[in-house]
Amino acid sequence: MNWSSSVLTSVSSDTEPSILVTFDNAKYIFNTSENTTRSFLQSGRNWKKARAIFYTQARIEKMGGLPGLLMTFADATIDNLNLIAPLGFNHILSSMRFYTYRDTINIKSTELPWIAPATSTPIPCYKDDNLTVYTIPVLPRSEDFTRLSETAASNVSSAEPTESIVSESFSDTSGKRKRESSPDFPPKRLKVGDKNVKGKILYSPPLWDKTKDDNFRPETLSGELADEYRFAIIHSMFPNTRPNSQKVAKKPKSLPKKKDSKVVALEHVSPPLNEEKADVDDYRRVTPPPGFKLQLPNPTSNLPPSDNPPAMSYLLVGPQYRGKFNVARALELGVPNGNLRSLLARGQTVTFEVQDGEETITRTVRSDEVLGEAEKTAAIVILDVPSIAHIPALVASFRGSEFYQKFWSEDPTIFETTEREYNLRVAYSMCGPGVLEDERYKAFMRGFGPLAHHIIGSREHCSDPVTFTSAAYNQLRLNTLDEKMFRIPKYNLTPKKALSEVSGLPSNVFEMSSSLKINMRPWIPPAPDPEVIKRDKFHPIASGAVPLEFSPVLSESIKEAKESIAQVVLQKNAESETEPGADVGIISLGTGGSLPSKYRNVLSTLVTIPNWGNIMLDAGEGTWGQMVRNFGLDNSIYNVWQALRDLKCIFISHMHADHHIGLANILAKRKLLDPPPSHPLYVVTIRGVHLYLREMSAIQDLGLNDPSGNGVIPVFSESMHYNSRGAYSGQGVWHIGGDEPWLDYEASVNNGKKMCDALGLDSFKTVDVFHRCRCFGVVFRHKDGWSTAFSADTSPSENLRRNATGVTVLIHEATMADEEAEMAKKKNHSTIGQAIAEGKKMSAKNIVLTHFSARYPKMPPYLTRRTPTPSDFATQNVVVPTFDHTNLTIGDMWKMQFYLSSVNCNFSDTFDQDEDEDVSAPTGNVSLG
């Protein structure tokens, strides 16, 4: 069987490294940062047969793309998936429970210890018919992490390991029992010990006793009970009650358990969901474990707080391939045709009777007598080295292990003179600042010998090309129309320092790029994948290698639009009156609905208020990367770090994944600002979002408890409601959902007032709208005389219409095409026509359309049917469709009506129907919305 390795994503403005290992029957993924799903679509690679995902760190930067990817995999009919990661991973995965749910996939989650047991041969963390994977825990040199060694080894845990998939050793050390999906009705206690009956959730008696308490709060759990509870949560997220596979499953094997251990089985019943009585936030979800909506117990990994956490590296050993069967030798030995030869080919010894002259004798033949020399087993090492403080522990892991010295040596010339058991062909290095140029690391790299090809992912030594070239190509073309409105994503094809300028590196060194592919068998050295390269229409034009060409119709349309705009600008310049808020920016960071695509990321809009600050409306996965591509990382006056520093409010409308998965990463990046911000960041949203941020903060500091007072300040959407009556609603679907002290109503109201003062707002009011879960739109009015309304996800809403009357800018979702009105009604979304009609009803000056479905690439024809002229163009109800990286100002929104004809013409010129009908693209809705 042939196999390969490739780079799905590299170090760039919008991605972290993600490595693929591909066999005919399986795929393995290492790290899934934000934008992983979208990168699959852009590259043309697919996720079919994905079997396992490994993580080098339990950090947002490495696993930000996981929730979207899991739901996409489930929708793509992947039945089983293994997740293998360091301690803390299950806590982060559990914290995603409010917005990550699929009942068609079985997830097996394994946590890895930071301190491995002292053995001459390390125990693999994963093994199947293709790969054997070993872990290399790497802790930075510090006193805190030295103390960790005393406790970490006892904190290994895994969920449902199976003998053929996850190494038996990890299941044995955990002693965890199999748990299945949660009950839909109040649990009924059944007999103890029945573990193989479908539809049971299993608790140990101690946890069962805890959960029976009416005042049960998960945050009171610790140790093994806390771990067990997290496993129950994960099973409720992926109950596998409607498996994709139609095959008859084999009876599950009984898992090992501790001596005298007992379990309590709870019957699972799944009646039809009564949507009228169901909690609005639990749409389509089976009833979860007790305490599901309360705060999780603290993680039990005992990791000390650190900005420089440990990292897990991995050694991948491929399958063994026996030598070629020697038919002539088999004939010489008298081996008959058929089954005996098959057994020999599989490496077995056979005994048979053969005629020797007139005598019949018994002959035994070993496989090595008829098989040629076996191929050397190929191996890959994936190294995550965040800082120079990690180098000593990494080197010591190889130096002190007899097993690892089969792959690495302090004297690499030994590999040239001695027979090798393994051929380590590829070494991926994900290097933090200063690592690659550290002499210790250079020597370590050389220790893998002359056969190793080193793939380097380092922000100091890698270029930063555009990742999503399909969207950038369209933006590049539209930039000719208006270079300010249609901004080209920031990129850099020249690294800060080329690898060739770093002395002392091994000979076979390559920059990690997202097009790189390495064939492991048959061996082909690293080279760009032509299938990925041919999809890139942006860089050949941006570099000048290929001219930018337009059809005659588009060229003429652009010319006419520019001439009309120039005339109107002259007229406006002659007018003395300036429109209120004319310089306020409306920047579309993501304009897609529900799913990312090659052309649109999921939703986020940034409102920039000069001299006051910035407001972000929703933050879908990849929003930080979109900000970087929009503002850049260079030393310009207003780069992305300044835009982040000026961010004073993030409003998250609801819990559907496509609207907030990117939030935590933005908060993590804000913690990197140096000097720290001099003002707080107010996060306005519902309790569920605030709760998962608090839970994630137990693993990674997001600034929620900043002693300076300039960290993240919670404001609850319910407290800012336009019809608020001085307290949260105590009942109905709009109740706050909890009783924690941090939900204090008066504190939230006061924080909201401070936020308005900081941004110069007269008011900031949330509005409940119609969607399939608790969802709020928002209307804010500035003291300078302009106003903005954001619909969030909703069907036409009277509440929003009433509260947003006369707004300067209405930002309204336009998920469905007009012919999909019935689907829009069913899913509580709006069509393009409905969004425009709502804007007209509320007398909005500008109607900005966003949250478009990936199903259609063009605007409705009626938007371009009316041709504006310099003497006759719209100044009220101006319709403004948006695209990713559309940079608007309130004063320039009128221009879009002159551009729409050119925009539609450009779509006609560039849309490739065959390419867009990608068989691997998901068809479901990752957010259930």
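Which count do you get for residues in region 720-752 that are without any contact (Cβ under 8 Å) to a residue 40 or more places away in the chain and in contact with a Leu (Cβ under 9 Å, 6 or more places away or on another chain)? Talk me through it step by step, then tell me what you get.
Taking region 720-752 first, the residues without any contact (Cβ under 8 Å) to a residue 40 or more places away in the chain are 723-732, 735, 739, 741, 744-750.
Now drop any that are not in contact with a Leu (Cβ under 9 Å, 6 or more places away or on another chain), which leaves 728.
Qualifying residue count for the region: 1.
Go through (1) crowded, with 24+ Cβ neighbours inside 10 Å; (2) closer than 26 Å to HIS829 by Cβ one by one and return the number of the condition LEU667 breaks.
(2)
Can you go through ILE650, ILE666, ILE615 and tell me which one is touching a Cys at 6+ places or on another chain (Cβ under 8 Å), under 24 Å from PHE776 (Cβ atoms) and not in a loop (DSSP other than H, G, I, E, B)? Break it down into steps so the answer makes sense when it comes.
On the way: ILE650 fails: touching a Cys at 6+ places or on another chain (Cβ under 8 Å); ILE666 fails: touching a Cys at 6+ places or on another chain (Cβ under 8 Å).
Step by step, each of ILE650, ILE666, ILE615 is checked, and only ILE615 is touching a Cys at 6+ places or on another chain (Cβ under 8 Å), under 24 Å from PHE776 (Cβ atoms) and not in a loop (DSSP other than H, G, I, E, B).
So SER853 passes all but one of these: (1) polar (S, T, N, Q); (2) without any contact (Cβ under 8 Å) to a residue 40 or more places away in the chain; (3) buried (at least 18 other Cβ atoms within 10 Å of the Cβ). Which condition number does it fail?
(2)
Starting from residues that are β-branched (Val, Ile, Thr) and more than 25 Å from the chain's Cα centre (by Cα), keep the ones in region 592-612 and report whichever is surrounded by the fewest Cβ atoms within 10 Å (Cβ to Cβ).
First pass over region 592-612, keeping only residues β-branched (Val, Ile, Thr): 602, 605, 607-609.
Checking which are more than 25 Å from the chain's Cα centre (by Cα) leaves us with 608-609.
Working: THR608: 20, ILE609: 22.
Step by step, filter region 592-612, then rank; the result is THR608.
Kindly indicate whether LEU554 is surrounded by fewer than 18 Cβ atoms within 10 Å (Cβ to Cβ), more than 27 Å from TYR428 (Cα to Cα) and in contact (Cβ under 8 Å) with a residue 24 or more places away in the chain. Please lay out each step first, then the result.
On the way: surrounded by fewer than 18 Cβ atoms within 10 Å (Cβ to Cβ): no; more than 27 Å from TYR428 (Cα to Cα): yes; in contact (Cβ under 8 Å) with a residue 24 or more places away in the chain: yes.
Answer is no for this residue.
Are any residues in region 408-428 touching a helix residue (DSSP H, G or I) at 6+ places or on another chain (Cβ under 7 Å) and of a type outside the set (A, V, I, L, M, F, W, C), and if so, which ones?
Listed by number, the residues that qualify are SER409, GLU410, PRO412, GLU421, TYR422.
With the requirement that a residue be within 15 Å of LEU667 (Cβ to Cβ) and in contact with a strand residue (DSSP E or B) (Cβ under 9 Å, 6 or more places away or on another chain), what does region 626-644 give you?
MET627, ALA643, LEU644
Can you name the residue in region 560-579 that is of a type in the set (Gly, Ala, Ser) and exposed (fewer than 10 other Cβ atoms within 10 Å of the Cβ) and, of all such residues, is farthest from CYS905 (Cα to Cα)? Please lay out each step first, then the result.
Narrowing region 560-579 to residues of a type in the set (Gly, Ala, Ser): 561, 564, 566, 574, 576.
Still in the running and exposed (fewer than 10 other Cβ atoms within 10 Å of the Cβ): 574, 576.
On the way: ALA574: 32, SER576: 35 Å.
For region 560-579, the residue satisfying everything is SER576.
So VAL370 ticks every box in (1) crowded, with 22+ Cβ neighbours inside 10 Å; (2) modelled with pLDDT of 95 or more but one. Which box is left unticked?
Exception for VAL370: condition (2).
Checking the structure you have, find out if any residue of region 589-605 is of a type in the set (A, V, I, L, M), closer than 27 Å to SER830 by Cβ, assigned by TED's automatic domain parsing to the domain that holds LEU667 and out of contact with any Asp or Glu (no Cβ under 6 Å at 6 or more places or on another chain).
In the first step, residues of region 589-605 are kept if they are of a type in the set (A, V, I, L, M); the result is 589, 595, 602-603.
Subset that is closer than 27 Å to SER830 by Cβ: 589, 595, 602-603.
When the remaining residues are screened for being assigned by TED's automatic domain parsing to the domain that holds LEU667, the result is 589, 595, 602-603.
In the following step, the residues that additionally are out of contact with any Asp or Glu (no Cβ under 6 Å at 6 or more places or on another chain) were identified as 589, 595.
Yes; the residues of region 589-605 include at least one that is of a type in the set (A, V, I, L, M), closer than 27 Å to SER830 by Cβ, assigned by TED's automatic domain parsing to the domain that holds LEU667 and out of contact with any Asp or Glu (no Cβ under 6 Å at 6 or more places or on another chain).
Conditions tested, residue by residue: (1) within 24 Å of the chain's Cα centre (by Cα); (2) modelled with pLDDT under 60; (3) closer than 23 Å to ARG772 by Cα; (4) of a type outside the set (Asp, Glu).
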residue	(1), (2), (3), (4)
GLY223	no, no, no, yes
GLU228	no, no, no, no
PRO271	no, yes, yes, yes
PRO309	yes, no, no, yes
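With touching a His at 6+ places or on another chain (Cβ under 7 Å), in contact (Cβ under 8 Å) with a residue 12 or more places away in the chain, under 30 Å from GLY785 (Cα atoms) and not acidic (Asp, Glu) as the only criterion, which of ILE615, ILE652 stands out?
Numbers: ILE615 fails: touching a His at 6+ places or on another chain (Cβ under 7 Å).
Unique residue meeting the criteria: ILE652.
Given the criteria assigned to a loop (DSSP other than H, G, I, E, B), under 30 Å from ALA698 (Cα atoms) and modelled with pLDDT under 80, does SER245 qualify?
Taking the combined requirement at face value, the residue does not satisfy it.
For the subset of region 309-344 comprising residues that are assigned to a loop (DSSP other than H, G, I, E, B) and among the basic types (Lys, Arg), which member is surrounded by the most Cβ atoms within 10 Å (Cβ to Cβ)?
If we take residues in region 309-344 being assigned to a loop (DSSP other than H, G, I, E, B) and among the basic types (Lys, Arg), then ARG322 is surrounded by the most Cβ atoms within 10 Å (Cβ to Cβ).
Pull up region 4-19, narrow it to residues that are under 15 Å from the mean Cα position of the chain (by Cα) and part of a strand (DSSP E or B), then point me to the one that is farthest from VAL385 (Cα to Cα).
LEU8
Within the bounds of region 82-95, is there any residue that is among the hydroxyl-bearing types (Ser, Thr, Tyr), surrounded by 24 or more Cβ atoms within 10 Å (Cβ to Cβ) and over 16 Å from the mean Cα position of the chain (by Cα)?
The answer is no, given that none of the residues of region 82-95 is among the hydroxyl-bearing types (Ser, Thr, Tyr), surrounded by 24 or more Cβ atoms within 10 Å (Cβ to Cβ) and over 16 Å from the mean Cα position of the chain (by Cα).
Only one of GLY785, GLY726, GLY777, GLY709 is surrounded by 15 or more Cβ atoms within 10 Å (Cβ to Cβ), of a type in the set (Gly, Ala, Ser) and either in contact with a helix residue (DSSP H, G or I) (Cβ under 6 Å, 6 or more places away or on another chain) or in a loop (DSSP other than H, G, I, E, B) (or both); which? Quick ask: steps written out before the conclusion?
On the way: GLY785 fails: surrounded by 15 or more Cβ atoms within 10 Å (Cβ to Cβ); GLY726 fails: surrounded by 15 or more Cβ atoms within 10 Å (Cβ to Cβ); GLY709 fails: surrounded by 15 or more Cβ atoms within 10 Å (Cβ to Cβ).
Going through GLY785, GLY726, GLY777, GLY709 in turn, just one is surrounded by 15 or more Cβ atoms within 10 Å (Cβ to Cβ), of a type in the set (Gly, Ala, Ser) and either in contact with a helix residue (DSSP H, G or I) (Cβ under 6 Å, 6 or more places away or on another chain) or in a loop (DSSP other than H, G, I, E, B) (or both): GLY777.
Give the residue that is surrounded by the most Cβ atoms within 10 Å (Cβ to Cβ), with candidates limited to residues of region 412-421 that are part of a loop (DSSP other than H, G, I, E, B) and over 40 Å from the mean Cα position of the chain (by Cα). Working first, answer last.
Taking region 412-421 and keeping what is part of a loop (DSSP other than H, G, I, E, B), we get 412-413, 418-421.
Imposing the further condition that a residue be over 40 Å from the mean Cα position of the chain (by Cα) reduces the set to 413, 418-419.
Values: THR413: 11, THR418: 9, GLU419: 6.
Of everything passing the filter in region 412-421, THR413 is surrounded by the most Cβ atoms within 10 Å (Cβ to Cβ).
For region 489-539, which residues satisfy the criterion of being β-branched (Val, Ile, Thr) and within 23 Å of the chain's Cα centre (by Cα)?
VAL532
Mind listing just one residue for me: the one in region 205-219 that is closer than 16 Å to PHE231 by Cβ and touching a Gly at 6+ places or on another chain (Cβ under 8 Å) and, of those, modelled with the highest pLDDT?
In this case the residue turns out to be PRO218.
The values are calculated or read from the model by the stated rules, or taken from the named source; none is laboratory data. The shown structure was predicted, so the numbers you read here are calculated from the model rather than taken from an experiment. Positions of Cβ are generated from backbone atoms using ideal geometry, with glycine treated the same way; all protein chains shown enter the neighbour counts.
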